[in-house]
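The values are calculated or read from the model by the stated rules, or taken from the named source; none is laboratory data. What you see is a predicted model, and the numbers here were worked out from it, not measured in a lab. Neighbour counts run over all protein chains shown; Cβ positions are idealised from the backbone, glycine included.
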Amino acid sequence: MFATSFGQKSLHDHLDALGIRAAFDANLKKAADHARALAADGLLPFARQASTGPDMAPMKAAAARITATFENLIVLGTGGSSLGAQAALAISRYIDGTGTQIHTPDSLCPFEMDRLFRTLDPKNTHVLAISKSGTTAETLAQLLACRAWLETAVAEDAIGEHFTFITEPGTRPLRTYGEKLGAPILDHPTDVGGRFSVLTNVGMLPVMVSGLSVEGFRDGAQEVCKDLIENPESAPAVIGAALTQTLNEHKGITQVLVMPYAEVLRAFTRWHGQLWAESLGKDGLGTTPIRAVGPVDQHSQLQLFLDGPNDKFVTIITIPSFGKGPRIDEDEAKAYGLDYMAGRTIGDMVTCQSRATQETLRGKGRTVREIVIDALSEENLGGLFVSFMLETVLTAHLMGVNAFDQPAVEEGKILTRQYLSALE
Ligand code: PA5
């Protein structure tokens, strides 16, 4: 699974040095008490997704229907209806998948849609449209565009075979559309919000289509939940929430930086950024998520992280990779004066770079948490998902805001509809 650390010093020594140990202990108690209360209630629905759950059979049927016939799957959905799947699917490039290529045009973009339609064969393409509300303009516009494109090559009586839907029960445009098509509609759980839905069918149906193990993701998540229930005070989610809140209240920390040293976790940083921002940016409060990936962002943002304002809580995610990847030829490297990398692997370099970044950040007085995951696996990713979701909910509790709504973004949606209707 994964382990967290705070460098050579213990977390308590670091907090003592910052003079915020007592404030942290108070927040830790509050967060742990809330975790206990949630656990007593069976923990939150987003965390309760079991690989033996009743949604497995409909997902298996839908995935089998898609993979048996189609070379491509376009997943339509935006925000929480897409980012989790994207983060989970990133590891599918390391397995022998089902052969179905998955495309996730989450942001509405005319050029990207033109590109997809130009490069994919409609006869071999299935569309999975996901929207909890069933009313999201971007997703519905993409859906209508996909239908028109499919109709250029697929007979009308076969068009329904090219679609699957995930939306909440009840009357809503997406559901009505699916019903009219006679296509399968899977229920979006009513008690799980979009950005918390990665372990539900929203994230897990695309995972199943890719050939990754849904059981793996969910079992990994369950393990983290079990640990939190048994030992709330030492659970990474509880410590992370207490630390973020204490740093924000007492040390002017207004940003949370998540920086994996693994390109494969780039999509994970996008998922986390949305989860954190949309859940916690409320009532004039909130900490801004910053995304970076190592080592590449050492050459773009690290200067700021090291030498700019000390306003970030840094989380570095690493995967032990000593000895991994191609080995650099010893003689060749030495011939060019590159003795320091002679005979080392690419994994050796990345490991040393991440260590160096952490040490320099700590040397500059930054608070740095390292999360080490022992391998790139469904279990570990499932564990990370649930841990960060719980950390978000616990931070919201400490802040006194509701993690599950997003009232401020509604105004812009209403205006967009007005502008679009009024276009000449
Ligand atoms: O997390 C959220 O609630 C949002 O980001 C939604 O996922 C996003 O707005 C899409 O909503 P819907 O799934 O209703 O189309």
> Just checking, which of L243, L280 is within 16 Å of the ligand (Cβ to nearest atom) and modelled with pLDDT of 95 or more?
Replying inline: L280
> Somewhere in the stretch 125-146, is a residue more than 12 Å from the ligand (Cβ to nearest atom), among the small types (G, A, S) and not in a helix (DSSP H, G or I)?
Replying inline: no
>> I'd like the full set of residues that are more than 29 Å from the chain's Cα centre (by Cα), of a type in the set (V, I, T) and surrounded by 16 or more Cβ atoms within 10 Å (Cβ to Cβ), limited to the stretch 122-158.
In response: V154
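Quick one: in the stretch 190-218, of everything that is among the charged types (D, E, K, R) and more than 11 Å from the ligand (Cβ to nearest atom), which residue is surrounded by the fewest Cβ atoms within 10 Å (Cβ to Cβ)? Quick ask: steps written out before the conclusion?
Filtering the stretch 190-218 down to residues among the charged types (D, E, K, R) leaves 191, 195, 215, 218.
If we keep only those that are more than 11 Å from the ligand (Cβ to nearest atom) as well, we get 191, 215, 218.
Working: D191: 11, E215: 17, R218: 27.
Once the filter is applied, the top-ranked residue is D191.
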>> Checking R93 against (1) farther than 19 Å from W271 by Cα; (2) touching a residue at least 40 places away in the same chain (Cβ under 8 Å); (3) surrounded by fewer than 16 Cβ atoms within 10 Å (Cβ to Cβ); (4) not aromatic (F, W, Y), only one condition comes out false. Which one?
In response: (1)
> Does any residue of the stretch 365-376 turn out to be over 30 Å from P45 (Cβ atoms), surrounded by 14 or more Cβ atoms within 10 Å (Cβ to Cβ) and in contact with a Gly (Cβ under 8 Å, 6 or more places away or on another chain)?
Replying inline: yes
> If the Cβ limit is 6 Å and pairs must be 6+ apart or interchain, which residue in the stretch 102-126 that is within 14 Å of A141 (Cα to Cα) and assigned by TED's automatic domain parsing to the domain that holds E156 pairs with which residue that is of a type in the set (D, E, K, R) and crowded, with 17+ Cβ neighbours inside 10 Å?
Replying inline: L108/E138
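Could you identify the single residue in E233, E278, E223, E249 that is closer than 15 Å to V393 by Cβ, part of a helix (DSSP H, G or I) and of a type in the set (D, E)? Steps first, answer last, please.
On the way: E233 fails: closer than 15 Å to V393 by Cβ; E223 fails: closer than 15 Å to V393 by Cβ; E249 fails: closer than 15 Å to V393 by Cβ.
None of the others qualify; the one that does is E278.
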>> Just to check your reading of the model, which residue among I317, I346 is modelled with pLDDT of 95 or more, touching a Gly at 6+ places or on another chain (Cβ under 6 Å) and either assigned by TED's automatic domain parsing to the domain that holds T254 or surrounded by fewer than 17 Cβ atoms within 10 Å (Cβ to Cβ) (or both)?
In response: I346
> Among the helices (runs of 4 or more DSSP H) confined wholly to the stretch 324-424, which include 1 or more residues that are under 25 Å from the mean Cα position of the chain (by Cα)?
Replying inline: 346-363, 378-399, 410-422
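If you check E161 against the conditions, is it of a type in the set (D, E, K, R), surrounded by 15 or more Cβ atoms within 10 Å (Cβ to Cβ) and within 11 Å of the ligand (Cβ to nearest atom)? Give the steps one after another, and end with the answer.
On the way: of a type in the set (D, E, K, R): yes; surrounded by 15 or more Cβ atoms within 10 Å (Cβ to Cβ): yes; within 11 Å of the ligand (Cβ to nearest atom): no.
The answer is no for E161.
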>> Take A62 and tell me if it is away from the ligand (no atom under 16 Å from the Cβ) and more than 23 Å from A267 (Cβ to Cβ).
In response: no
>> Condition check: under 23 Å from V192 (Cα atoms) and more than 12 Å from the ligand (Cβ to nearest atom). Does Q101 satisfy that?
In response: no
> Only one of (1) crowded, with 17+ Cβ neighbours inside 10 Å; (2) in contact with a helix residue (DSSP H, G or I) (Cβ under 7 Å, 6 or more places away or on another chain) fails for L108. Which number is that?
Replying inline: (1)
